[in-house]
Structures are given as structure tokens and as C-alpha cells.
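Each remark here refers to the structure printed beneath this line.
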Amino acid sequence: MIKASLRGALIVALALTPTLEVGSAIPALAASPSQQSHAATSADWSPSWSGLVSAMGGTTTTTTTTTTIAPTTTTSTTTTAPRRRPPPPIIEEPTDAPPFVEETVVESDYRSAVLTCIAEHEGNPGYDNGAGSAKKYRGRYQFSQSSWNAVAAKYGREDLVGVDVAEASPSDQDDMAWRYFQASGYSPWPPSSGKCP
């Protein structure tokens, strides 16, 4: 019973003073042999808190918890709408604009003026001039047969090659005379040079 009381007192002393040595803390008890034996046994205890708990039959457990926070990635997406081209301006046609005149009309007028002037300076003969005769210059524009054949062949009118000029249609004679004028001017018709448009 006495040993139990001393043991309890020693435990309390160690708990209150962790650095206190057993022999110096309780000098009165060191004289007794039984107390010395008890003190020697008690000296084996660790003055630390963990040693005290172990002496009382307890268990100290140290738990270390490590928490890792995953990095956070933030993605920002910006969408820009494509730029649209502005529509072209609307140009309104004036309502009082003059009618469109094609070049063919102007050319036709010029062509008619040229051919009329050539015929007048050649004596204004008819399209059948020289028909049934051996006359060298024939028709309204006084073609020689050799000149007529050359112009017809050059401009793809093989159907007129060898045809008597005086017997060719008025439209064919006008066409050949106009083509001849476009290629040579008034040189085939000297009387018209300098007098016609």
C-alpha cells in the first residue's frame, strides 16, 4: 500500500516538473532502502510527456496530414465576329438620260456617207453599169474585175470571186466597196480623194 502511494506521488511530481530528477526532488525518501529501490525503478521513466503516458500504459500517436491543392488553370476564349464589307452604294440612273446609241448606228451613217460620195465622184453609175459589155470598170463603184476578185478573196467571200461586178447584188457591191475603203482609203477612187468625209 505504501509503495502504491509513493508511486502515485512520483507520477504527479514528474508531471508537474518534467526536468526534475528523482533523487533531488524527494530527498526525504532517498534514505529508505525500499524507497531507494523504488526511486531507482522510477528513474527509468522518461520525464517527458510521452514517457509519462507510456508509464501509465497509454499510447501516443503522431499523425501528419499533408494536403496538396491541385493547380487551377483558367482558359479564356475571346471570339471576334468577322468584319463584313459594306454593301456597294446604289447608283440610280437619271430618268431623263438620253437613249443609248450604239456605235454601229454611227458607223452605218459614216459608211453610207462614204459610199454615196464615192459613187457621186465616179459619175453616180448604177449597180449594173457595164453589164453586157467589155467595159473595164464596172458596177456602182467602178471595180475592175481583178480588184473585185482580190477583195472578195481577202475577206472570205469566195462565192463572189469570178462573178461579174455588174451582175453582183447591190448589197454585195456596197460590202466590197466598204471593205476596200477600210483597207486602202480613197486611193482606189482618185476623184473622191480630198472631197469625201
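All of the numbers you see were taken from the coordinates with simple rules; none came from a lab. Computed from a predicted model, the values in this text were never measured in an experiment. Here the Cβ positions follow ideal geometry from the backbone for every residue, glycine too, while neighbour counts run over all protein chains shown.
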*Could you work out the local net charge near Tyr155, counting Lys and Arg as +1, Asp and Glu as -1, over the other residues with Cβ closer than 9 Å to its Cβ?*
+2
*Find out how many positive minus negative residues lie around Phe143, taking Lys and Arg as positive, Asp and Glu as negative, among other residues whose Cβ is under 14 Å from that of Phe143.*
0
*Take the Cβ-Cβ distance between Ser184 and Glu120 as r, set R0 to 22 Å, and report the resulting FRET efficiency rounded to the nearest 0.05.*
0.70
_Net +/- balance of residues flanking Ala168 in space, Cβ distance below 11 Å, scoring K and R +1, D and E -1_ = -4
